[in-house]
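Student: I'd like to ask you about the structure that follows.
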Amino acid sequence: MKNLVVFYSLEGNTKFIASQIAKKVNADILELKTKKEYPNKGFKKYFWGGRSVLFNQKPELIEYDKNINEYDNIFIGTPIWVGTYAPPYNTFLAENKIYNKNIYLFACHGGGGAEKFYNNIKKEIPDNNFVSEIDFNEPLNNDKSQALKSIDIWIDNLNIS
Ligand SMILES: Cc1cc2nc3c(=O)[nH]c(=O)nc-3n(C[C@H](O)[C@H](O)[C@H](O)COP(=O)(O)O)c2cc1C
């Protein structure tokens, strides 16, 4: 079985989680990066990021070299923006047909919204086997070691080869 961790991260929280998952399951990593970066500070961060969600934008992505079709288990991680996944996924899902995969979802947020992300992405790519999901409250600002422990327990229970 081949494992892939796909993620987008503006401020590093989702990246931190993605790296740990990839290490644990020996996965390849695909980081989504936008050609035009979102502001990552202050009011502008929420304004431009929030606007991008509300307008359902598809920001152009920097070219990536991983082919989804080659993988069996795909971990999909995002920060929660306005209660759902970040817009780089609008682009990624339009560029890739994801079906017949085992999907594992993970999210970082500042308090909530993961459920809506799970539901929304399941609607976008319905023809998959959604196995499990996990979310974290800004692990870089809170208890990092607790987050790492949670990942370990989560992965151990998944029985992924
Ligand atoms: C544009 C924007 C919208 C956000 N909306 C939410 C939200 O609806 N709910 C929430 O709990 N956190 C929200 N957050 C906070 C992020 O989800 C949180 O800080 C997350 O850990 C960031 O992950 P990252 O470091 O991987 O970018 C928002 C952040 C941004 C920039």
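The values are calculated or read from the model by the stated rules, or taken from the named source; none is laboratory data. Please read all numbers here as calculations on a predicted model, not as lab measurements. As a convention, Cβ positions derive from the backbone with ideal geometry for all residues, glycine included, and neighbour counts pool all protein chains shown. Heads up: the accessible areas ignore ligands, DNA and RNA and are worked out on the full protein's heavy atoms, side chains in. Shrake-Rupley method; radii C 1.70, N 1.55, O 1.52, S 1.80 Å.
Student: Counting just the residues of segment 118-161 that are of a type in the set (D, E, K, R) and more than 15 Å from the ligand (Cβ to nearest atom), which one comes out least open to solvent (accessible area, probe 1.4 Å)? I'd like the intermediate steps shown before the answer.
Tutor: Looking only at segment 118-161, we keep the residues that are of a type in the set (D, E, K, R), and these are 122-124, 127, 133, 135, 138, 143-144, 149, 152, 156.
Right, trim to more than 15 Å from the ligand (Cβ to nearest atom) and you get 122-124, 127, 133, 149, 152, 156.
Details: LYS122: 66, LYS123: 149, GLU124: 107, ASP127: 106, GLU133: 68, LYS149: 116, ASP152: 49, ASP156: 96 Å².
The selected residue is ASP152.
Student: Quick test of your reading of the structure: VAL82 fulfils all but one of (1) within 12 Å of the ligand (Cβ to nearest atom); (2) farther than 23 Å from PRO126 by Cβ; (3) open to solvent by 60 Å² or more (accessible area, probe 1.4 Å). Name the failing condition by number.
Tutor: (2)
Student: What pairs come up if the first residue lies in segment 101-113 and is without any contact (Cβ under 8 Å) to a residue 24 or more places away in the chain and over 18 Å from LYS24 (Cα atoms), the second is near the ligand (Cβ under 6 Å from one of its atoms) and outside any strand (DSSP E or B), and their beta carbons are under 6 Å apart, counting only those six or more places apart or on different chains?
Tutor: none
Student: Quick check: anything in segment 1-15 buried (at least 20 other Cβ atoms within 10 Å of the Cβ) and assigned to a helix (DSSP H, G or I)?
Tutor: yes
Student: Loosely packed, with under 12 Cβ neighbours inside 10 Å and near the ligand (Cβ under 10 Å from one of its atoms): is that true of LYS44 in this structure?
Tutor: In short, yes.
Student: What tally of residues in segment 26-41 results from selecting those that are farther than 14 Å from GLU11 by Cα, under 16 Å from the mean Cα position of the chain (by Cα) and either open to solvent by 80 Å² or more (accessible area, probe 1.4 Å) or of a type in the set (A, V, I, L, M) (or both)? Step through it out loud before you land on a result.
Tutor: Filtering segment 26-41 down to residues farther than 14 Å from GLU11 by Cα leaves 26-30, 35-36.
Filter once more, so that each one left must be under 16 Å from the mean Cα position of the chain (by Cα): 27-30.
So of that shortlist, the ones also either open to solvent by 80 Å² or more (accessible area, probe 1.4 Å) or of a type in the set (A, V, I, L, M) (or both) come out as 27, 29-30.
Counting residues in segment 26-41 that are farther than 14 Å from GLU11 by Cα, under 16 Å from the mean Cα position of the chain (by Cα) and either open to solvent by 80 Å² or more (accessible area, probe 1.4 Å) or of a type in the set (A, V, I, L, M) (or both) gives 3.
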